[in-house]
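The values are calculated or read from the model by the stated rules, or taken from the named source; none is laboratory data. Note that the coordinates shown come from a computational prediction; the quantities given were computed from them, not determined experimentally. All Cβ positions, even for glycine, are placed from backbone atoms using ideal geometry, and neighbour counts span all protein chains on display.
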Amino acid sequence: MIKTRFAPSPTGYLHLGGLRTALYNYLYARKTGGKVVLRIEDTDQNRKVEGAVDNLLETFDKMGIRFDEGPRQGGSCGPYFQSDRLPLYREQLQRLLDSGQAYPCFCTPERLAKVREERAANKLNTPYDRHCIRLPRQEALDRMQSEPHVVRMKIPSERTIRFYDIIRDAVEFNCAEIDDQVLFKTDGFPTYHFANVVDDHFMEITHVIRGEEWLPSTPKHILLYEFFGWKAPKFAHLPLLLNPDRSKLSKRQGDVAVEAYLQKGYLPEALNNYVALLGWAPGNDREMFSLDQLEKAFSLKGLQKSGAVFDVEKLKWMNGHYLRELPLKQIAHAAEPRFRKAGIDISDKEKYFQVVDDARRRISILDEILNFSKMFYEAPVAEGEHRSLTDNQTSQKLFQFWLDNLHKLAHPDEESLKELIQKTTDELGISGKNLYWPLRIALYGSPHGPDIPTLLKILGLKESIKRLQRQLN
Ligand code: GLU
């Protein structure tokens with residue numbers, strides 16, 4: 001069975017890059033009928049950020065990404081926490097100490113810093129001089145009982161590590177360039193490398209799909225699998241996400257936190273769809289995929305090698321598509337907090353749905369929705385240029401004509417309003433801009449917007465009459 005994992009360190013919000021990695025692991029598991037596991041890699045005590053895990057779980061809930069296995073109940077399982085698994089790591093470390101593939105290192109941070117500097121000055125490839133590898137075994141074991149130490153892995157000195165990466169094909173690293181990696185730290189916690197490999201093995205992970213920044217770590221991981229005599233999983237290292245100027249995607253050029261996009265009113269559907277296409281191509285021109293459709297369409301073959309540019313304009317465009325296409329009820333629900341926050345009374349649900357249905361066609365993110373809907377709740381005031389469009393003689397004649405006729409209308413339905421528009425042209429000779437703009441400004445506050453019958457329908461006859469009346473001097 002295929003089994004993948006998303007293994008974040010709890011150091012902050014879920015970033016777009018993290019979402020992409022999680023998505024691909026999730027999609028591949030769903031596609032193949034396998035499992036995907038969420039594992040919190042929290043062995044670095046200094047980098048832990050309060051609230052990060054809760055935030056991560058919340059974000060995945062919002063995104064509709066669910067994990068399998070693990071303690072949490074409900075629709076989504078997990079996560080596993082590495083900090084719960086320390087005995088396992090200690091036990092496995094002992095195996096490497098016993099076989100001599102790992103050794104304790106007692107060098108002080110001061111010595112290490114000095115050595116690092118000297119070796120860098122001498123252009124040596126690795127920062128550590130393997131000082132402690134030469135300690136007699138018994139002495140090393142004795143000192144381990146009482147002295148602070150780390151445990152390092154013994155990297156073979158002359159070897160090339162070759163492995164196959166699903167995205168990059170054959171990859172090789174020369175051991176001469178790999179430092180004797182610390183596996184356990186002085187605080188008694190394993191490092192990322194060690195815990196990650198042990199967990200991937202014991203959790204029976206078959207495919208490791210992760211960012212390309214982990215590629216240089218992979219030879220160390222391959223060696224650890226070898227030391228233990230375990231079969232290594234298959235690896236796929238995803239290309240970087242880039243800013244439009246092709247620099248590495250970073251906070252400096254805009255938001256990178258998924259949460260920030262959700263807050264601005266990007267829909268989970270659009271984010272999943274857009275992010276899935278940053279480094280994966282479906283093999284045809286299709287761009288719109290729901291999560292369900294992605295689960296069917298995804299394949300490792302479609303993963304791309306070159307960096308993927310995150311283009312917020314494209315995301316916006318896609319979000320606009322989802323705003324128009326998703327069920328009105330869903331969009332209305334998503335928009336509700338924005339109306340409440342603005343103190344708008346949306347208890348008339350029929351009106352609210354009509355308002356949202358109109359506004360969602362004009363916006364690309366939910367943050368913009370009030371700009372296109374608050375005028376349905378508060379009469380707009382025509383000012384400046386708009387004012388001169390409504391204050392002139394023709395407009396005043398128009399308003400009076402509409403008021404007279406609207407009073408007589410039993411049912412201001414689309415049909416009768418269209419007739420009224422025609423009648424206005426026939427009897428007053430007012431048409432086009434001269435007709436639509438002043439009416440729209442009076443009713444909606446802007447010359448551009450919904451057509452007149454739609455406006456009257458949403459506002460209702462009474463409110464429309466009130467607004468036109470106001471425009472009459
Ligand atoms: N904990 C690592 C991270 O923060 C996991 C990398 C991996 O997937 O192996 O991204």
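In the set I166, I133, which member is within 29 Å of L38 (Cβ to Cβ), β-branched (V, I, T) and surrounded by fewer than 18 Cβ atoms within 10 Å (Cβ to Cβ)?
I166
With the requirement that a residue be closer than 30 Å to V150 by Cβ and surrounded by fewer than 17 Cβ atoms within 10 Å (Cβ to Cβ), what does the range 26-69 give you?
Answer for the range 26-69, where residues must be closer than 30 Å to V150 by Cβ and surrounded by fewer than 17 Cβ atoms within 10 Å (Cβ to Cβ): Q45, N46, R47, K48, V49, E50, G51.
Determine if the range 185-205 includes at least one residue that is among the basic types (K, R), within 13 Å of the ligand (Cβ to nearest atom) and farther than 27 Å from L278 by Cβ.
No, because not a single residue in the range 185-205 is among the basic types (K, R), within 13 Å of the ligand (Cβ to nearest atom) and farther than 27 Å from L278 by Cβ.
Output yes when any residue across the range 60-67 is within 16 Å of the ligand (Cβ to nearest atom), more than 21 Å from the chain's Cα centre (by Cα) and at pLDDT 95 or above, and no when none is.
no
Out of the range 213-226, which residues are surrounded by fewer than 22 Cβ atoms within 10 Å (Cβ to Cβ) and either within 11 Å of the ligand (Cβ to nearest atom) or in a loop (DSSP other than H, G, I, E, B) (or both)?
Across the range 213-226, the qualifying residues are E213, W214, L215, S217, T218.
Just the residues that are without any contact (Cβ under 8 Å) to a residue 60 or more places away in the chain and over 28 Å from K220 (Cα atoms), please, taken from the range 233-246.
Within the range 233-246, D245 is the sole residue that qualifies.
Applying the selection to the range 123-171, what residues are closer than 26 Å to P104 by Cβ and among the polar types (S, T, N, Q)?
Residues satisfying the conditions are N125, T126, Q138, Q145, S146, S157.
In the range 227-249, what residues are more than 16 Å from the ligand (Cβ to nearest atom) and at pLDDT below 95?
Hits for the range 227-249 are L242, N243, P244, D245, R246, S247.
What is the one condition in (1) surrounded by fewer than 15 Cβ atoms within 10 Å (Cβ to Cβ); (2) farther than 30 Å from S99 by Cβ that G229 does not satisfy?
Exception for G229: condition (2).
For a quick check of your reading of the model, give me the residue pairs whose first member lies in the range 423-443 and is more than 16 Å from L406 (Cα to Cα), whose second is in a loop (DSSP other than H, G, I, E, B), with beta-carbon atoms closer than 7 Å and at least 6 apart or on different chains.
Sorted first by the residue in the range 423-443, then by its partner, the pairs are W437/P447; I441/A382; I441/P447.
Where in the range 159-209 are there strands (runs of 3 or more DSSP E), lying wholly inside it, with at least 3 residues that are within 22 Å of L240 (Cα to Cα)?
The strands (runs of 3 or more DSSP E) meeting that bar are 160-165, 169-174.
Which ones in the range 95-106 are under 21 Å from P156 (Cβ atoms) and surrounded by 13 or more Cβ atoms within 10 Å (Cβ to Cβ)?
Within the range 95-106, R95, L96, L97, Q101, A102, Y103, P104, C105 meet the criteria.
From the list R30, R20, R47, which one is within 14 Å of the ligand (Cβ to nearest atom) and in contact with a helix residue (DSSP H, G or I) (Cβ under 6 Å, 6 or more places away or on another chain)?
The match here is R20.
Have a look at D42, D84 and point out the one that is touching a Pro at 6+ places or on another chain (Cβ under 7 Å) and either away from the ligand (no atom under 12 Å from the Cβ) or more than 22 Å from L277 (Cα to Cα) (or both).
D42
Restricting attention to the range 372-393, report how many residues are among the β-branched types (V, I, T) and surrounded by 15 or more Cβ atoms within 10 Å (Cβ to Cβ).
The qualifying residues number 1.
Only one residue in R361, R387, R440 is within 28 Å of Q330 (Cβ to Cβ) and charged (D, E, K, R), so which one is that?
Going through R361, R387, R440 in turn, just one is within 28 Å of Q330 (Cβ to Cβ) and charged (D, E, K, R): R361.
Among the residues of the range 1-13 satisfying the criterion of being farther than 16 Å from D200 by Cβ and within 11 Å of the ligand (Cβ to nearest atom), which is surrounded by the most Cβ atoms within 10 Å (Cβ to Cβ)?
Restricting to residues being farther than 16 Å from D200 by Cβ and within 11 Å of the ligand (Cβ to nearest atom), the top hit is P10.
Return the total of residues in the range 417-451 being among the charged types (D, E, K, R) and assigned to a loop (DSSP other than H, G, I, E, B).
Of the residues in that region, 1 qualify.
Anything in the range 9-43 that is in contact with a Lys or Arg (Cβ under 8 Å, 6 or more places away or on another chain) and either of a type in the set (S, T, N, Q) or part of a loop (DSSP other than H, G, I, E, B) (or both)? List them, or say none.
Those that are in contact with a Lys or Arg (Cβ under 8 Å, 6 or more places away or on another chain) and either of a type in the set (S, T, N, Q) or part of a loop (DSSP other than H, G, I, E, B) (or both): S9, P10, T11, T21, N25, G34, D42.
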